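The values are calculated or read from the model by the stated rules, or taken from the named source; none is laboratory data. Predicted model only: the values in this text are computed from it and were never measured. We place every Cβ from the backbone using ideal geometry, glycine too, and count neighbours over all the protein chains shown. Note: areas computed on protein heavy atoms with side chains; ligands, DNA, RNA excluded. Shrake-Rupley method; radii C 1.70, N 1.55, O 1.52, S 1.80 Å.
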Amino acid sequence: MKKIVLSVLALLLLGYIIVASLGITSEEKSKARCQHIDIEIVTEPGRQLFMDEGDIRGELAQMKLNLEGSLFDSIDINQVEMKLRENPMFHNAEVYASRSTSKLKIRLEQKEPLFLVQSADSTYYVARNRGIIPMNPRYSVYVPVITGHISKSYATRELYDLMELVGKDDYFRHYFGHTYVDEKDGIVLTPRVGRARIILGKGTNWEKMLNKLRVFDREVVPRKGWNTFEYLKLGFGDQVIAKEYGATIPTKKTEEIYD
């Protein structure tokens, strides 16, 4: 009987210790604070970013997300994610809390700018996947600049298709120094070398136009030089219409001749 009583007392004592420990653990958790924020920027190698980790911490402060030192119980993870996703520079955001390490983990995927548009009424970046990033004077990256008469719908559709194609082409990636959208002539490109304007027009068969320019560059330019030409027009079927400086009328050159 005595042994039974001792066993019961031991079990009761053990139960008390467990309950007390749970109470202390629960109290400690409720008082746990975020001591540090880990920021992970998700991107592919070689891609340009608007912000590094320090910039993102500044952006969090601008958004009034003062998380360091806050009780974990007071941090609404879903609300933090929602605020970060509302920022036009971020494509996606995921937030995790780790009470055991007193850390908050923020995983951000930034939008990647493809080119900058400067039109009469607005300036903005067009990002990959056709997103718009408003111009922010605090952050900038080096990307091709396109000026002229450009609507956002045109920038994120036809113009995006052209710039994406040029960016993937090793031959033309760094070929052009300036791109202008003219009300009359459509898209006009200026190469980094020479004075000729390359007029694509208002068509959308960009790949065919660039292939014609590639042939012209290979077959005609070595003989005459870029400075010979005032402009090239690539938007006419299989023809390249080239006007030389001093010529009174354009001289037609077929693609077959360039081959």
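Counting only heavy atoms of protein chains, what accessible area per residue, in Å², does segment 145-229 have with a probe of 1.4 Å?
It amounts to 51 Å² per residue over segment 145-229.
Could you please state how large a percent of the accessible area of segment 71-221 is carbon and sulfur, counting protein chains only and using a 1.4 Å probe? Please report the intermediate quantities before stating the final value.
Values: 3640 of 7730 Å².
The value for segment 71-221 is 47 percent carbon and sulfur by accessible area.
Amide H of SER70 versus every other amide H placed in the peptide plane: which residues, excluding those fewer than 5 positions away on the same chain, fall under 5 Å?
Residues meeting the criterion, in which the H sits 1.01 Å from N, are CYS34.
With every protein chain left in place and a probe of 1.4 Å, what is the accessible surface of TYR124, to the nearest 10 Å²?
10
Past the 21 Å Cα-Cα mark, which pairs from LYS64/LYS105; LYS184/LYS224; LYS83/LYS103?
LYS184/LYS224
For ILE75 and ASN129, compute 0.36 nm times the residue count separating them, minus their Cα-Cα distance, and round to one decimal in nm.
On the way: separation 54, 0.36 × 54 = 19.44 nm, distance 3.17 nm.
Gain on extension, ILE75 to ASN129, equals 16.3 nm.
Using 28 Å as the Cα-Cα cut-off, could you pick out the over-long pairs in LYS111/LYS208; LYS31/LYS111; LYS202/LYS243?
With Cα atoms farther than 28 Å apart: LYS111/LYS208; LYS31/LYS111.
Taking loop as defined by DSSP and a crowding limit of 13 other beta carbons within 10 Å, which trypsin sites (Lys or Arg not before Pro) in segment 35-90 fit? Can you show the working numbers first?
On the way: sites: ARG47, ARG57, LYS64, LYS83, ARG85; in loops: ARG47, LYS64.
Answer by residue number: ARG47, LYS64.
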